[in-house]
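What follows draws every value from the coordinates through simple rules; no lab data is involved. Please read all numbers here as calculations on a predicted model, not as lab measurements. Glycine also receives a Cβ, built like all others from the backbone with ideal geometry; neighbour counts cover every protein chain displayed.
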Amino acid sequence: MSRAGLAKLLRANAHHGAIPKFKRNLLLREFVPSEGCSAQTMAKASLDYMVFGEAYFYRVPNSFGQILELEHLMAINMRKKVDGGFRMLLPDNEFEDFEEHEIEHVMDYDVEQNIYGIPDYLGGLQALLLNEAATLFRRRYYSNGAHAGYIFYTNDPDMTEEDENELRTQISASKGVGNFRSMFVNIPGGAENAIKIIPIGDFQAKDELEKVKNITRNDVIAAWRMNPALAGIIPENTGGFGDIEKIDRVYTSNEILPICQLFSQANGCLREDRRFNWKEPKETGTTTE
């Protein structure tokens, strides 16, 4: 799986691009920074984790070999070496090698291999690409103006050849930028129904864009395991999604805190006084009257 490709796909869809940063923000809300790991470092690493399923830190040692700080390394450029250790790809075909003990590798386990992490949303990529294709198709539909919108039919025997040529010119001029113009036609002495407009490309009647967009959107947020209320979805019923604060607590407890526990492994290499922490979870018990 191309990591550069995964990064570019973040710009293919509004929800797919916003959700990883939102999950990153939820994780940062629980994060308590330290001298060993700043909020900025955790922000970069956690976003890498959301997008690529893994994150990398460089263990910064002192002269005694104690790890005083974690420095973020971009996951998009990191590779595992066959003979052990890691390699960071640099511009101009350059690279930098690291020993195994120099890198802290936080990854989401993949059942097919244990070398790299893998994101959870891969099953929704086809829906994501279909969503993008539907949007691009509609943009081009509006922009080029060359679609067959209607048949302009006339059976008036009084229409001259000059009139017909003028109508052809006006219809042709309605294509392209600024299309969907109105047209006035006056035929003195013309019979009833001398002109008929027969629509054959009425997108309002036969368009499937909204259905495709909604179905693929739902697939994308499902692949991210994102609650619709937190994903910026407008509810289709009058009751809405319910108590947003309760949804937030449950989602944080079930989705974000387990990721926090994975990142806690990085504390194991830091000197004790340099370790970061997480906020205490809030009480979620019920009360009785």
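A few points about this structure:
- Loop trypsin sites (Lys or Arg not before Pro), the range 1-92 (other Cβ atoms within 10 Å of the site Cβ: 16 or fewer; DSSP): Arg11, Lys81
- Pairwise label distance in nanometres, Glu35 with Leu10, each label 7 Å out on the Cα-Cβ vector: 3.2 nm
- Pairs exceeding a 31 Å alpha-carbon distance, out of Lys80/Lys213; Lys21/Lys211; Lys213/Lys246; Lys80/Lys211; Lys80/Lys279: Lys80/Lys213; Lys80/Lys211; Lys80/Lys279.
- Loop-located GluC sites (Glu not before Pro) in the range 54-114, at most 15 other Cβ atoms within 10 Å (DSSP): Glu94, Glu99, Glu112
- Pair Glu102, Asn114: separation of 7 Å Cα→Cβ label points (nm): 2.5 nm
- Restricting the chymotrypsin sites (Phe, Trp or Tyr not before Pro) of the range 77-138 to loop positions (DSSP other than H, G, I, E, B) with no more than 16 neighbouring Cβ atoms within 10 Å leaves Tyr109.
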